[in-house]
Amino acid sequence: MAEKNRAPRLGNSADGVSSLLASLTCILMGLVIGFLALLILGWITLAQDGNTVSFGEMLGKTWNSGFKAILSGGFYKTANAMGMGVRTEILQAAPLIMTGLSVAFAFKTGLFNIGAAGQYTVGAYFALFGAIVLKLPWWACLLASAIGGAIWGAIPGFFKAYLNVNEVITAIMFNWIGLYGVNTLIYQGGSGPMYNTNTTKTYTIKQVSPDSLLPTFNIPIGDKGYFGKMFLPTIGIFIAIAVAVLIWVVLNKTVFGYELKACGFNKNAAKYAGINDRKNIILSMTIAGALAGLGAGLFYLSGSKEWEPLVSTSLPATGFNGISVALLASSNPIGCIFSAIFISHITVGGGFMDAGIFPSEVSSIISGVVIYLCAFSLLFRSGIRKFFAREPKKAAGKGKEADA
Amino acid sequence: MWLLLKYTLLYASVLALVALGGMFSERSGIINIALEGIMVIGGLMGVVAINLFNAAGIPVVLGVILTILISGAAGMLYSSLLAFSAVNLKADQTIGGTALNLLATALAVVIAKRINGSDSPKISYNSTTNKVLSNLNFSFQIGPLTLNWFIVVALAALVAAWFILYRTRFGMRLMACGEHPQAADSVGINVYKMRWCGVLISGLLGGIGGMAYIVPAVGDWNFEIGVAGMGFLALAVMIFGQWKPAGIAAAALFFAVFRAMANIFDSIGFLNALNWPKEIYNMMPFLASMVVLAFTSKKSRAPKAEGVPYDKGSR
Amino acid sequence: MEDYVIEMLHITKEFPGIRANDDVTLQLKRGEIHALLGENSAGKSTLMSVLFGLYQPEQGIIKKDGQEVKISNPNDATALHIGMVHQHFKLVECFTVLDNIILGAEPMKGVVVDRAAARKKVMELSQRYGLKVDPDARVEDISVGMQQRVEILKMLYRDNDILIFDEPTAVLTPQEIDELMDIMRGFKAEGKSILFITHKLAEIKAVADRCSVLRKGKYMGTVDVANTSVEEMSRLMVGRDVQLVSTKDESHPGDVVLQVDNLTVPSKVSKKDAVKHASLQVRAGEIVCLAGIEGNGQTEFIHAVTGLDKPSSGTVTLCGRDITHAPIRRRSKLGMSHIPEDRHKHGLVLDYPLEYNMVLQRYWEKGFQQGGFLKKRVIREYSDRLIEQYDVRSGQGSTTIARSMSGGNQQKAIVAREIDKDPQLLIAVQPTRGLDVGAIEYIHKQIIAQRDAKKAVLLVSLELDEVMNLSDRILVMYEGEIVGEFDPKTTDVQTLGLYMAGAKRMDKEG
């Protein structure tokens, strides 16, 4: 008996290793497919222009002006003057961590939050409203964004808990309702209080309410710092990391986390244990929504982009990429930090490719392929586990005997 | 009013086609949330085919038939990715479908840009650019009413779906796989094969539906916006129609009215007088679907085994 | 040379980590009723699935009429005229009876299913064998006994002459069991060969010619039923002498602990009420058993008493307090423990480690948490203690994921958790379902120990042996009503059966 107790977390750590390896397999296969896509695209483009190149040349070209950029991400040499590339990567990683956390948190409760995109949209509206109209300080605007997202997350939760409508369907519908609603509210026939008719975008926060912008930081390398003086990254990334740690603590150390996960694993057993499953569904979706909304706050309060109500006809990719982030991380909150940085890395890198030959959406293809592979990463995982489990088969057999 | 009828029928046929596709898939036990992506791929390939046939100058009737077939085939090919992951690899069907939706838009934009040889993801196929085969060839007039061939296709699909489901051996076995795959297996039905068939049919209908959405209504399409949620609306139509052909037909008409209003609200007197922004009308079908689902879903009866991967080993 | 219609020779079938069949041989003579005896998880179902083409064995061959055959799917089995009534019926609930019978063997007229021809054939069979069914009823609307007839008709429709019955009596009343045995004898008279899988010795004695025994996946031999005593067969099955009757002292009931009055619970599947004006009392120091055929409202009754579902009228009182509308947590605090019917659905969070499952009903208590944070060390110590005290065996002790444990040990863990709460009332619903004899004996002892410790015990069981064995008082439930009350010392199984089938009922008091 005592001996058994001494090997406590073995099962769980082996689990962690196998899911990490499975995620890396997904990434690797995604990258390979991305490379092949670039190769084919480059070939076609050059053929369209009437150029003939040898296979070796094509490989070199794909690597140098395409794939290398994706792999280097923000660090791609020609694009990283004054830390611009890295700044962009950090800027995009912060909201991705949040949408990733949003999806991961819902997963833990057994819900699929495909609505992160809509919650992100509504969060963005709340953040911009707080900044441009109410001119609140940055932390209040962040809070507002989280509230906006929370409302939009609570709705599918409510539909699921009380009306028995699948949260996926509701979330999808409310994604579109949110997008059209936010566009309408911002534009208002050209007379919206946040809408700048000259630029056809929302007003620039820096001009109307500088206090609403997130504080910035710099890394003291070189005499002007790594990022120079003009465009500094915001502390959004640190907020996101802190939230990820917080979520990890909530899920793994608290009674609340115990209840949420029990609901996610087995709704009926949770009910049997006296846990209010309806309350938990709504709460979990609300928190998931708040996380996604906060992500939008972190992005839009950095002042690097305005909302364009007339051309925003598709849902923000950050919301959907959150699904990749969560899946790659096997819904581990800490893992979300790394997988978000990876997704941001290849997305930013994709933008640095030679646009004449390689469309930047190739990085979206990689991300899509990665989700597709993640859908059956369980298969990889059990394969990997089997590979490692060949040794201690004897012990397993012994356990079986004890069972029988 | 003719205009409203035109667009209602147009969108009803789109929704009916795609929802029927979803029905075949779910009746076999596979949740097909990838319909949106399948529509995008079907639509893209259909448009590409129009331009190719236009350049080749083939007869119009042949061109129309062939492009419709090509869009269906493209949808089938793309849906096989879902079937592979959901049936053979027993992956989570919702996640797999979501991945295919994201992938479809990315793929479509990349391909469209490559075809244009520029940074624009917009492809034109209107009568100005295309002299032989253009979007106009897909419509015909009956008096003041403009109809398109996809309405005919949708009607045929509805009748065929009813017949297949309730009268043929294939339909009976398909439904058994969606309800109780172990039972189907125990009487020698190949569940994997039936589920593959269900998904492939949904790909066929979804692909044609994608083209039906894009081609007859406008003369060029920006693939960055995919099909703007039409595939998801079709899912709502399928649920509202209770996974039955007749119900789907009725539900498709209902939602199509809302969708059609977004196109023509400014030409309908009293709607125009309201002076609501266009976005409200865009939102309308989605809102309507939520209201309808909220009231009906407690009674709704989805195929019992849908979403559950079938594993021969475990029983 | 014997006339064997089916021979399964030296069959070995392995699953990850377990050898379900280990060199098993089974020989079925033409025109005999052959019983396959073994405990739960002895490998009977696996062996039959091999015969039916659902699994492929690693070793061994199958012969039909002396010729080696390969059965790689149910179609092959059907072609060899082998048919099977599965323990869990394989019927599509929203299909009609007719469609279920012909599914997979549909008669065709062009591309259309010829339902008229099918109906004619089904009705002929139904008449010939006295298996009355309504071909147009939906399976979800008909009784379990009727569903079994549909399964039997499925075999007959396919002209099978080797019929496998997998635990067919578990869902039937004693009277229905007699009917089934008559039907089986009828098939035998027609020259059909029958394999009858069971762990009930009395039924084997009643109907079978020969009996093959499996124990833990191994073949123990074949005996002639007429020349073999029940005790001998039992020893072959379990491997030792079994004390099937638990000994217990006279009960001395004390105060009323649970009082249920006029409880009515709506059904989830139909418009009718699942429980109708049911009343009962359970006193301290007695075991009250709610007996009945599956699906007669016991589940809904217990759900309403334990708070998993809401009753539409009536009251539930625990130790003098009205808990009719109390949330589950409050019932638990007031001293109710509940060993649920379905340990996988309600009893355990299978993906949680064992220690988390051990506190599933108590994690919120002051001792196990502080300020919203779990006290993991306390939980570990508590779980270790329960594991030791109740002899719960698992691979990695408290950290074992519950899913990886055997059914018997999962159930032991639940029993440990519920008993260690020191409840006033223990509700145990089918606590021994699917377990082997050792685990059953253990759990029976624990339940009796609770009674002797002056706890009130409400037991729900479908196994009449268990009912007769454990209870101090028996209540029979039929179609949601309590139709009779019995003293196990003065009644017998046949009498209970009549009440369980609704053939008889005591007049309701007042």
Cα centroid separation, the range B:11-54 to the range C:1-61 (Å): 48 Å
Residue with peak Gaussian network fluctuation, chain B [Cα springs, cutoff 10 Å], from B:Ser127, B:Ser71, B:Ser202: B:Ser127
Expected 222 nm ellipticity per residue - DSSP helices of 4 or more, -39500 (n - 2.57), all of chain C, to 500: -9000 deg cm²/dmol
Phi to ³J(HN,Hα) by Karplus 6.51 cos²θ - 1.76 cosθ + 1.60 over the range C:58-71, Hz, x for Gly, Pro: 6, 9, x, 10, 10, 10, 10, 6, x, 9, 5, 10, 10, 10
Sites B:Leu62 and A:Val32, calculated FRET efficiency, Cβ-Cβ separation with R0 35 Å, nearest 0.05: 0.30
Rounded to whole Hz, the Karplus (6.51, -1.76, 1.60) HN-Hα couplings of the range B:85-92, x for glycine and proline: 6, 7, 8, 7, 9, 6, 7, 4
Pairwise label distance in nanometres, A:Ala355 with B:Lys299, each label 7 Å out on the Cα-Cβ vector: 5.5 nm
Amide H contacts under 5 Å for C:Val460, placed H, 5+ residues apart: C:Leu290, C:Ala428, C:Val429, C:Gln430
Taking N as its residue count, the alpha carbon Rg of chain B over 2.2 N^0.38 Å: 0.99
Counting DSSP beta bridges with both ends in the protein assembly as shown, the antiparallel % (nearest 5): 60 percent
Counted charge near C:Arg158, where neighbours are those whose Cβ lies closer than 13 Å (Asp, Glu -1; Lys, Arg +1): -2
Which listed pairs, of C:Lys64/C:Lys90; B:Lys298/C:Lys268; C:Lys154/C:Lys271; A:Lys160/A:Lys261, have C-alpha distances above 19 Å, in listed order: C:Lys64/C:Lys90; C:Lys154/C:Lys271
Amide hydrogen neighbours beyond the local backbone of C:Asn21, cut-off 5 Å, H modeled: C:Lys13
Chain B, helix-only ellipticity at 222 nm - DSSP H runs n ≥ 4, -39,500 (n - 2.57), divided by all residues, nearest 500: -22500 deg cm²/dmol
Expected 222 nm ellipticity per residue - DSSP helices of 4 or more, -39500 (n - 2.57), all of chain A, to 500: -22500 deg cm²/dmol
Amide H contacts under 5 Å for C:Val275, placed H, 5+ residues apart: C:Val265
Residue order, fewest to most beta carbons within 10 Å, for B:Glu26, C:Glu355, C:Glu231, C:Glu479: C:Glu231, C:Glu479, C:Glu355, B:Glu26
Convex hull (Cα only) mean projected area of chain C, reported in nm² to one decimal: 26.7 nm²
Distance in nm between pseudo-label sites at A:Asp211 and A:Trp63 (7 Å out along the Cβ direction from Cα): 5.6 nm
Isotropically averaged projected area of the protein assembly as shown, using the convex hull of Cα atoms (one quarter of hull area), nm²: 53.9 nm²
Exposure proxy order (Cβ contacts within 10 Å, fewest to most) of A:Trp152, A:Trp139: A:Trp139, A:Trp152
Highest-MSF residue in chain A out of A:Lys224, A:Lys267, A:Lys206 [GNM, Cα springs under 10 Å]: A:Lys224
Nearest-0.05 FRET efficiency for C:Asp255 and A:Leu46, computed from C-beta distance (R0 56 Å): 0.05
Partners for A:Lys68 among lysines (Cα-Cα distance below 30 Å; same-chain residues under 8 apart left out): A:Lys77, A:Lys224, A:Lys229, A:Lys305, B:Lys113, B:Lys122
Using a Förster distance of 60 Å, the FRET efficiency for C:Arg505-B:Met1 (Cβ separation, nearest 0.05): 0.35
Where only alpha carbons of the range A:86-389 are counted, the Rg and the Dmax (Å): 19.6, 65
Extension reserve of the C:Tyr129-C:Asp224 stretch, reckoned as 0.36 nm per residue once the Cα distance is removed: 31.4 nm
Rounded, prolate or oblate (a/c below 1.5 giving rounded, otherwise prolate when a/b exceeds b/c) for the range A:188-337 by Cα gyration tensor: oblate
Per-residue average of Cβ from other chains inside 10 Å of C:73-83: 2
Residue order, fewest to most surrounding Cβ atoms within 10 angstrom, among A:Ser209, A:Ser312, C:Ser398: A:Ser312, A:Ser209, C:Ser398
The range A:246-259 - phi-based ³J(HN,Hα) in whole Hz, Karplus 6.51/-1.76/1.60, Gly and Pro as x: 4, 5, 4, 4, 4, 5, 9, 10, 10, 4, 4, x, 4, 5
Spin-label model distance (nm) - B:Ile225 vs C:Val378, 7 Å beyond Cα toward Cβ: 5.9 nm
Average other protein chain Cβ within 10 Å of Cβ, residues C:349-359: 4
Average partner coverage of C:396-403, which counts Cβ from other chains inside 10 Å: 5
For the range A:138-210 versus the range A:13-68, the gap between their alpha-carbon centres in whole angstrom: 37 Å
Amide N proximity, the range C:160-195 versus C:Glu463 label position 7 Å along Cα-to-Cβ, cut-off under 13 Å: C:170
Highest-MSF residue in chain B out of B:Leu155, B:Leu62, B:Leu20 [GNM, Cα springs under 10 Å]: B:Leu62
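Laboratory data are not the source of any read-out in this text; all were calculated from the coordinates shown. Please read these numbers as outputs of a predicted model, since none were measured by experiment. Note: ideal-geometry Cβ built from the backbone for every residue, glycine included; neighbour counts use all protein chains shown.
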